[in-house]
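In what follows, a structure is listed as structure tokens, so that the remarks can point back to it.
The values are calculated or read from the model by the stated rules, or taken from the named source; none is laboratory data. On a predicted model such as this, the values are computed, not experimentally measured, just so you know. A quick note on method: Cβ atoms are made from the backbone with ideal geometry, for glycine too, and the neighbour counts reach across all protein chains shown. Protein only, heavy atoms only, side chains kept; ligands, DNA and RNA dropped before computing areas. Shrake-Rupley method; radii C 1.70, N 1.55, O 1.52, S 1.80 Å.
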Amino acid sequence: MVETSIANKNTQVSEKEVALSDIKILFFNEQKEYLKHFTTIFRMCGLRHVRVATQMSEAINLLITKNFDVILITHLGESENADLLIEELNSLEGTAEIPVAVITTSRGGVKNILGIYSKGVDEVIVSPLSFKSIENTLNQLVQTGVQTNLSKKKLTETREFKEAGETEKA
């Protein structure tokens, strides 16, 4: 186990987990009045690589030009652009492997949360946010992403190996 210090909290991180400070996050938040609140929480959690997009076009441009481990999207109340971005992620090349979490309020209850899950996101975080909820969710999402990418890589290597063997037989 590797011992790290995150935001003055001593935390044990297993070899399979990635330090929060190393996770590259795209954070889409179009409600600018909440931006300072979220960035303060992220800083307190030890997140160092958070790129913020406040417009959908900016988020898409960042996804095309940069690499991210996780995408966080705020969905506070009626958020048409958040819904559109989630839809766009399903069709944008290269983003299928990136885990997506949505931060929402408890307004609308279970119906709201299930509605967000039905859009195809990997996780929903209900505010108020805590260090532990962010840490657990990000570690879970990064591990899911790593396992998905390793599985895809292994599948590709297996196909390439099989194709190479078939070529040699011919």
- Out of all the residues in the stretch 121-145, which are assigned to a loop (DSSP other than H, G, I, E, B), among the hydroxyl-bearing types (Ser, Thr, Tyr) and over 15 Å from LEU76 (Cβ atoms)? SER130
- Item | Residue selected from the stretch 121-143 under the condition touching a residue at least 40 places away in the same chain (Cβ under 8 Å) and under 19 Å from ARG48 (Cβ atoms), by the criterion surrounded by the most Cβ atoms within 10 Å (Cβ to Cβ) | LEU138
- So which of GLU97, GLU93, GLU88 is within 24 Å of LYS32 (Cβ to Cβ), of a type in the set (D, E, K, R) and without any contact (Cβ under 8 Å) to a residue 60 or more places away in the chain? GLU88
- Of residues in the stretch 106-120 being at pLDDT 85 or above and in a helix (DSSP H, G or I), the one least open to solvent (accessible area, probe 1.4 Å): ILE116
- Query: Counting only residues that are open to solvent by 20 Å² or more (accessible area, probe 1.4 Å) and assigned to a helix (DSSP H, G or I), which one in the stretch 41-62 is nearest to ALA96 (Cα to Cα)?
  - Reply: ILE60
- Message: Return the residues of the stretch 63-74 that are part of a strand (DSSP E or B) and without any contact (Cβ under 8 Å) to a residue 60 or more places away in the chain; say none if nothing qualifies.
- Response: ILE71, LEU72, ILE73, THR74
